[in-house]
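Take a look at the structure set out below.
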């Protein structure tokens, strides 16, 4: 089949990590049953005999399960490599780390580019529209499969924060601590608007072919690159862009009176766009952005955000960044107030940085110190020790 | 008196014995507050600073301790030490809590820095079964000397900012505070007056002597009768 000639888009057997086939049907929010389906995931560290040291790491929109491994397509270091390792913030001598590619993703978990068993063709737009809750339901099946009753922690930034909140709301008994970073309890109108721009860019690409590009041996890489470029601007801040690029010119002494990338910032964005299309599936981008747009925890509970955490009590550590205009501090503060209304155990830290939304992926010492302190405090209360293997 | 009045105010401040840290390193007024809190109770410390009281309560008394702090450095220090602290302030962030959410709400050396002290006090009594409030007494004799004889805004150990950079915008005397408690209709369960070394002494908080000799007041309040 022609799709097999697109090697960069196929999950490959030689990629590191694990995959689990879930045989049972998963009833999605859109009332469609999906299954059997595959979850591709990666782990670091070892599950302790009490099964009390598991941390589920939830990746963001364009992230994947390769938290600390070189990316199998790009070779880039794992997206949270700086946090993971022996003695690290996510200490592999203490915790068992799990990260699964989300449902609808394109790194081995079932998504729109996998084969629809009913047709023998890639799902494309026949794939059911997903929600964040559907992604979390799938993760819960994985966690059940691993024999873990309660996760020590669910942690993630951006869309990962949405999942961390969804876990605490939907499965409060299964979460000891929840750490949503640079997140919100709902996707704002502005964020939906940016996502719509990205989706329209993809769908306007003639190579998108109504979503059937894989079957036709094509790839809407120009549309996907534009979507990525627009989105990437929202991940930064005016101050960071200015600090990094200013009005500096790219390999030239003067503007060229044309439409080449005269400015460094243009060149940078083009690079971001062109490298992204090598590793990401355009239809996955449509489905995952849609899932984020639909996210609204209060709406699931009659419009009351405190009611979303009614039964709960995981511990929460909510973190925002001063220069994040995509998920601004006000969103985190609304979450804190909702959790206060149910007297939940919550910590909230706003971190001063000019790095914008992407600060959660970057070297941000205050973030690391906050996470380490919170996790260590929780581990003491939960009785999760370091080097438990050598003591056993 | 004239000698004291002649002292440069900064010297008067520095001559005060350092608030003698107890063996556990807890500030003396915080230690007194900690002694008033039952083990295993649920406590909210508003303006918790770096979380010293929370840390002590959690470790020594098994208290479910939460904090609110305005400064980012304070919040981060607290969370780094595994404490439950949120960034926020007393004026804005109390209304989200449900009635009676805490056994004790602590407001130490913070009331005078709030925009609406009366409202804050009423919120404390709504969300906590009891409230412990400590504040610097503006009726303290050194304060009066500085203002009365030198004609300068006082700078003491507990009021250690100049007028132009002080966060303390609503200072009061012990008598003022007692009057506010009466006005709100809360019961003063217990009161302590502290000298300038942080040592407690017992005087009627409604008397003029307490208002003159105490550098700080610590009050335990409970409940409200009808708001007048």
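Quick note: the coordinates plus some simple rules give every number you see, no bench work behind them. In this text, all values refer to a predicted model and were calculated from it rather than measured experimentally. Backbone-built Cβ (ideal geometry, glycine too); neighbour counts: all protein chains shown.
For the residues A:213, A:171, A:287, what sequence is obtained by ranking on other C-beta atoms within 10 Å, fewest first?
Fewest to most other Cβ atoms nearby, the residues stand as A:171, A:287, A:213.
For chain A, set up a GNM with springs between Cα atoms under 10 Å and report which of A:105, A:217, A:302 has the largest fluctuation.
Among A:105, A:217, A:302, the largest mean-square fluctuation in the Gaussian network model of chain A belongs to A:302.
Is the range A:192-289 best put as rounded, prolate or oblate by its Cα gyration tensor, with a ≥ b ≥ c the root eigenvalues, rounded for a/c under 1.5, and otherwise prolate when a/b is larger than b/c, oblate when not?
It comes out prolate by the Cα gyration axes.
Can you give the angle from 0 to 90° between the axis of helix B:174-184 and the longest principal axis of chain B, with both taken from C-alpha atoms, to the nearest 10?
40
Sort B:202, A:109 so that the residue with the fewest other Cβ atoms within 10 Å of its own Cβ comes first and the one with the most comes last.
B:202, A:109
Would you order A:297, B:147 from fewest to most other beta-carbon atoms within 10 Å of each residue's own beta-carbon? Display every interim value, and only then the final one.
Numbers: A:297 24, B:147 13.
So the ranking, lowest neighbour count to highest, is B:147, A:297.
Go ahead and collect, in residue order, the members of the range B:71-93 whose backbone nitrogen is under 16 Å from a label point 7 Å along the Cα-Cβ direction of residue B:184.
Once the point is set 7 Å along Cα→Cβ of residue B:184, B:90-93 turn out to lie under 16 Å by backbone N, inside the range B:71-93.
Working from Cα positions, state the angle (0 to 90°, nearest 10) between the long axis of helix B:52-61 and the longest principal axis of chain B.
For helix B:52-61, the angle is close to 50 degrees.
Expected output is a single nm value to one decimal: the length gained when fully extending between residue A:47 and residue A:362, i.e. 0.36 nm times separation in residues minus the C-alpha distance. What is it?
Gain on extension, residue A:47 to residue A:362, equals 110.6 nm.
Between residue B:161 and residue A:330, what's the calculated FRET efficiency when r is the beta-carbon distance and R0 is 45 Å? Round to 0.05.
Computed FRET efficiency for residue B:161 and residue A:330: 0.90.
Go ahead and collect, in residue order, the members of the range A:134-175 whose backbone nitrogen is under 18 Å from a label point 7 Å along the Cα-Cβ direction of residue A:23.
It comes to A:141-147, nothing else.
Just to verify a number: FRET efficiency for residue B:197 and residue B:91, C-beta to C-beta distance, R0 = 30 Å, to 0.05?
Calculated value: 0.40.
So in the protein assembly as shown, what percent of DSSP beta bridges are antiparallel if you round to the nearest 5?
In the protein assembly as shown, DSSP labels about 40 percent of beta bridges as antiparallel.
Take chain A, connect every pair of alpha-carbon atoms lying under 10 Å apart with a spring to form a Gaussian network, then pick out the residue of A:23, A:350, A:114 with the largest mean-square fluctuation.
Between A:23, A:350, A:114, it is A:23 that shows the largest mean-square fluctuation.
If one takes the longest principal axis of the Cα atoms in chain B, at what angle in degrees, from 0 to 90 and to the nearest 10, does the Cα axis of helix B:117-127 lie?
Computed tilt is about 30 degrees.
Could you work out which residue, out of A:263, A:194, A:309, moves most in a Gaussian network model of chain A, that is, has the largest mean-square fluctuation with Cα springs under 10 Å?
A:263
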